[in-house]
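> Starting off with a structure, shown below.
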Amino acid sequence: MDKLNLPGPKAKEILKEDEKYISSSYTRPYPAVIQKGKGVHVWDVDGNKFMDFSTGIAVCSTGHCHSDVVIAIEEQAETLIHMSGTDFYYPMQVRLAEKLAEITPGAKNKRTFFCNSGAEANEAALKLARWKTERMTVLSYINSFHGRTYGAMSLTASKTVQRKGFGPFVPGIIHIFYPYCYRCTINLSYPSCNFACIDYIEDVVFKRMVAPEEVAALFAESIQGEGGYIIPPDGYFQRLKELLDKYDILFVDDEVQSGMGRTGKMFAIEHWEVIPEIVCVAKGIASGMPLGATVARRGLMDWAPGAHASTFGGNPVSCAAALATIKLLEDKLVENAKEMGEYCMPKLKELMTKYQFIGDVRGKGLMIGIEIVKDRKTKEKDKKKRDRIITECFKRGLLILGCGDNVVRFMPPLIVEREHIDRAVEIFEDVLKEV
Ligand code: PLP
């Protein structure tokens, strides 16, 4: 299979300038300098074409520059770009909030706080949970990623580099272990474990660390994203929710990465039919326009005027893009994510039979993770090989990203078709052969 000569001359120039002027804190895994996008494809500044199975980190859910989204953005931009939802009313915001109340799990009597990112959506949820319950402690998960601002970072426990040098963190956050069954922290197996990890919360956390009456909320990604595409086993969230309800603890569902149709349901938590009190959304909600949303029961989101706000949050152009995005998702794309996920998974599982260094393939819809290991028995992680796989895919025109320490993630746009998946798997296998 041919390899592209990367980076090209124009890309090289930009990389030099980028090094001079742009913060060194970003984590670019390979030198992709992207200039334009359409559908499943993007092109770099030298005209090299790539198939984008990273989707701008799970953002461009409707593909790049979908014409319906572009038209909605253009029309709104010509009418009004900004006035601020903090001090003025926006018709577009109300329409979108009504839609979010309808599509998030549970009854429709909900309100939305609009902001600009996933981190901000989680910040709002954290503040709201403490404000409403008048309780200080919050539970979050090891391996979780909720964003980079102080509250969201304090909830996060994915990689130490994301926290190193930034302490002290927001106090009152206790990290418990996620149901990562492939690498169970307490070395048990599902289902015979009988959810011992949930018993641990009640028997250890609530007896030895914090009284449950002091716990405001538990934050959970319904499928962990950045931490390694980790899917809790069936029954986990139902059992967890029973425990939370017993102590009136709010369940905050971070759907920033797993939401907006990616897993073949509008929100991943719907796979387990659990209704969270607060849902945090961003990324795929507006096909690339910056927008975050914190959605909660009406009676819960009744904080005082001035308690929380955002100048840019929910600007009308982003809201228009979101409404166009949701229409496309509802019409066809959520279903397509389910179908294409079902088409893709067996192909990747098949690769497991040929390549011993694939330890696990797991996914729902188009949120698929592939663990790269040194040895299937010991499950020792092979980060080096994972990184090489990603770089080699780039050289062959396929953009994918890693997550966790050793996981490759497949997260194509929800418009993806069989032929794209066939091609991506073909490139992926070519790389697997080489590494
Ligand atoms: N929550 C989850 C589950 C995420 O995956 C991310 C980003 O990767 C965030 C929150 C933070 O979102 P943002 O980068 O928009 O602040």
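> Full-extension gain between S23 and N109, please, as 0.36 nm times their residue separation minus the C-alpha to C-alpha distance.
Full-extension gain reported as 26.7 nm.
> Separate question: Around K374, which amide H atoms from residues at least 5 apart in sequence, or from another chain, sit under 5 Å from its own amide H, with H modelled in the peptide plane?
Excluding prolines and chain starts, which carry no amide H, the hits are E380, K381, D382.
> Spelling out what I want: for every residue of region 215-231, take phi, set θ = phi - 60°, compute 6.51 cos²θ - 1.76 cosθ + 1.60 (Karplus), and round to whole Hz; glycine and proline get x.
The phi angles translate into 9, 7, 7, 10, 9, 9, 7, 5, 9, 5, x, 3, x, x, 6, 9, 10 Hz.
> Oh, and also: Pop a pseudo-label 7 angstrom from the Cα along the beta-carbon direction at both E102 and D68 and give the gap in nm to one decimal.
So the two model labels end up 1.3 nm from each other.
> I've got another one for you. DSSP H helices in the chain with Cα extent of 15 Å or more along the helix axis and mean Kyte-Doolittle hydropathy at least 1.0? Each step should come with its number before you reach the end.
Numbers: long enough: 9-21 (19 Å, -1.72); 67-79 (18 Å, 0.15); 91-103 (18 Å, 0.10); 118-133 (22 Å, -0.51); 236-246 (16 Å, -0.90); 316-328 (18 Å, 1.46); 334-354 (31 Å, -0.73); 383-395 (18 Å, -1.38); 418-434 (24 Å, -0.66).
The qualifying helices are 316-328.
> Something else about it: Scaled to the compact-protein estimate 2.2 N^0.38 Å, what is the alpha-carbon radius of gyration of region 329-435, rounded to two decimal places? If you can, show how the numbers build up before the last one.
On the way: Rg = 13.5 Å, N = 107, 2.2 N^0.38 = 13.0 Å.
Taking N as the residue count of region 329-435, the ratio is 1.04.
> Please work out how much accessible surface S192 shows to a 1.4 Å probe, ignoring ligands, DNA and RNA, in Å² rounded to 10.
The accessible area of S192 comes to roughly 100 Å².
> Which three extents, in whole angstrom, do the alpha-carbon atoms of region 124-227 cover along their principal axes, largest first?
38, 32, 22
> Now, a different point. Give me the percent of DSSP beta bridges within region 67-329 that run antiparallel, rounded to the nearest 5.
40 percent
> When the chain is fully extended, how far beyond the present Cα-Cα distance does K10 get from E213, taking 0.36 nm per residue of separation?
On the way: separation 203, 0.36 × 203 = 73.08 nm, distance 5.90 nm.
Once the chain is fully extended between K10 and E213, it gains 67.2 nm.
> Next question, about the same structure. 7 Å from Cα along Cα→Cβ at both A196 and D234: what's the point-to-point distance in nm?
Between A196 and D234, the simple spin-label model gives 2.3 nm.
> Further question on the same structure: With the contact rule set at Cα under 8 Å and sequence spacing of 6 or more, what percent relative contact order holds for the chain?
Details: 868 pairs, mean separation 98.9, N = 435.
23 percent.
> Still on this structure, please answer the following. Per DSSP helix of 4 or more residues, -39500 (n - 2.57); summed, then divided by the residues of the chain. What does that give at 222 nm, rounded to the nearest 500? The partial results should precede the final answer.
On the way: 12 runs with 145 residues, N = 435.
Dividing the helical sum by the residues of the chain leaves -10500 deg cm²/dmol.
> Ok, one more. In terms of solvent-accessible area of protein heavy atoms at a 1.4 angstrom probe, what is the ranking of D18, D253, highest value first?
On the way: D18 40, D253 0 Å².
Heavy-atom accessible area, descending, gives D18, D253.
> I want to check the label-to-label distance for T86 and I57. Put each point 7 Å from Cα in the C-beta direction and report it in nm to one decimal.
Label-label distance for T86 and I57, simple model: 2.4 nm.
> Calculate the radius of gyration of the Cα atoms of region 65-201 to one decimal place, then report Dmax, the largest Cα-Cα distance, as a whole number, both in Å.
19.8, 59
> Which ³J(HN,Hα) values, rounded to whole Hz and listed in residue order, are derived for region 291-304 from phi using the Karplus coefficients 6.51, -1.76 and 1.60 in 6.51 cos²θ - 1.76 cosθ + 1.60 with θ = phi - 60°, glycine and proline given as x?
6, x, 8, 10, 10, 9, 3, 4, x, 8, 8, 10, 5, 6
> Could you look at region 223-304 and say what percent of its accessible area is carbon and sulfur, using a 1.4 Å probe and all protein chains?
Carbon and sulfur atoms account for 46 percent of the accessible area of region 223-304.
> Would you mind classifying region 67-329 by shape? Square roots of the alpha carbon gyration tensor eigenvalues, ordered a ≥ b ≥ c; an a/c under 1.5 is rounded, otherwise it is prolate if a/b is larger than b/c and oblate if not.
prolate
> Same structure again: Taking θ = phi - 60°, what integer Hz values does the Karplus form 6.51 cos²θ - 1.76 cosθ + 1.60 yield along region 30-35, in sequence order, with x for Gly and Pro?
So the J values, rounded to whole Hz, are 7, x, 9, 10, 8, 10.
> With a ≥ b ≥ c taken as the square roots of the eigenvalues of the C-alpha gyration tensor of region 252-313, please select rounded if a/c is under 1.5 and otherwise prolate if a/b is larger than b/c or oblate if it is not? Working shown, then result.
Details: a/c = 3.68, a/b = 1.31, b/c = 2.81.
Because a/c hits 1.5 or more and a/b fails to exceed b/c, region 252-313 counts as oblate.
> Only Cα pairs within less than 10 Å get springs; with that Gaussian network setup on the chain, which residue of P191, P276, P31 has the largest fluctuation?
Sorting by GNM fluctuation, first place goes to P191.
> Next question, about the same structure. Inverting the mean 1/r over all pairs of different Cα atoms, compute the Kirkwood radius of region 352-407 and quote it in Å.
On the way: mean 1/r = 0.0858 Å⁻¹.
Evaluated on region 352-407, it is 11.7 Å.
> Solvent-accessible area per residue for the chain at a 1.4 Å probe radius, Å²?
Details: 19540 Å² over 435 residues.
Heavy-atom SASA per residue in the chain reads 45 Å².
> Something else about it: Most mobile of I103, I173, I186 per a Gaussian network model of the chain (Cα springs, under 10 Å)?
Of I103, I173, I186, the Gaussian network model singles out I186 as fluctuating most.
> If amide hydrogens are placed 1.01 Å from N in the peptide plane, which non-local residues have theirs closer than 5 Å to the one on T137?
When sequence neighbours closer than 5 places are left aside, the close amide H contacts are A216.
> I want to verify a result. In a Gaussian network model of the chain, Cα cutoff 10 Å, which of these has the top mean-square fluctuation: T137, T55, T27?
So, out of T137, T55, T27, the one fluctuating most is T27.
> To continue, here is another question. So which of K338/K383; K16/K374; K354/K383; K164/K246; K12/K395; K36/K349 end up more than 26 Å apart, counting from Cα to Cα?
Check vs 26 Å cut-off fails for K338/K383; K16/K374; K164/K246; K36/K349.
The values are calculated or read from the model by the stated rules, or taken from the named source; none is laboratory data. Quick caveat: nothing in here was measured; it's all calculated off a predicted structure. Cβ atoms come from the backbone with ideal geometry, glycine included; neighbour counts cover every protein chain shown. Accessible surface is based on the protein model in full, side chains and every heavy atom, while ligands, DNA and RNA are left aside. Shrake-Rupley method; radii C 1.70, N 1.55, O 1.52, S 1.80 Å.
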